[in-house]
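Right, one structure below, let's go through it.
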Amino acid sequence: MSTQTLPDVDTRPEGTDSTDSDEPKVFHYVRKDRIAESAVMGTHVVALCGEVFPVTRSPKPGSPVCPDCKKIYEGLRPGKD
């Protein structure tokens, strides 16, 4: 098993698509600057794929990522180092 480190950009995976067990099916990429506000205030965020939801969970290593968000994220230009 290998681990990858993503470059520091303005997105981070967050979860939606809840299952019956209250665990998200996949996590989405959203702007970092919106995560804390959403978690504290309950405001909604917009994922790269267009999904709109409030942030309720943080991803753990190995969590599934939305395939549409991942494709868009990989197509973004890298941020400044």
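Within the range 18-50, how many residues are outside any helix (DSSP H, G or I) and either modelled with pLDDT under 90 or surrounded by 11 or more Cβ atoms within 10 Å (Cβ to Cβ) (or both)?
Looking only at the range 18-50, we keep the residues that are outside any helix (DSSP H, G or I), and these are 18-31, 42-50.
Cutting the leftovers down to either modelled with pLDDT under 90 or surrounded by 11 or more Cβ atoms within 10 Å (Cβ to Cβ) (or both) gives us 18-31, 43-49.
Residues meeting the conditions: 21.
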Enumeration of residues in the range 65-79 that are surrounded by 10 or more Cβ atoms within 10 Å (Cβ to Cβ) and outside any helix (DSSP H, G or I)
65, 66, 76, 79
Does residue 53 count as modelled with pLDDT of 90 or more, crowded, with 18+ Cβ neighbours inside 10 Å and touching a Pro at 6+ places or on another chain (Cβ under 7 Å)?
no
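The values are calculated or read from the model by the stated rules, or taken from the named source; none is laboratory data. These numbers were taken from a predicted model, which means no experiment stands behind them. So basically every Cβ, Gly included, is an ideal-geometry build from the backbone, and we count neighbours across all protein chains shown.
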